1. Multiplying the sequence separation of residue 8 and residue 37 by 0.36 nm and subtracting their Cα-Cα distance, what value in nm do you get?
2. Helix 38-62 against the longest principal axis of the chain: what's the angle in degrees, Cα atoms only, rounded to the nearest 10?
3. Hull surface divided by four, with the convex hull built on the Cα atoms of the chain: how many nm²?
């Protein structure tokens with residue numbers, strides 16, 4: 001569990017709390033976002049990575 005949490009925190013660059021699935025409520029849990037800018041940050045990173053991958057594929061196909 002610690003390794004998973006470390007991976008998530010390092011990938012997202014924000015603190016993350018993980019819970020074993022059998023300890024989680026069956027109806028799901030709301031994600032609590034304490035930083036209103038967090039969604040925008042994640043969206044920006046995702047779009048940036050997608051664009052980088054797209055540009056890389058174009059370069060490979062051009063060769």
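Quick note: the coordinates plus some simple rules give every number you see, no bench work behind them. Worth saying up front: this structure is predicted, and the values here are computed from it rather than measured.
1. On the way: separation 29, 0.36 × 29 = 10.44 nm, distance 1.84 nm.
Between residue 8 and residue 37, full extension yields an extra 8.6 nm.
2. Between the helix axis and the principal axis of the chain, the angle is about 30 degrees.
3. Working: hull surface 25.8 nm².
Averaged projected area of the chain's Cα convex hull equals 6.4 nm².
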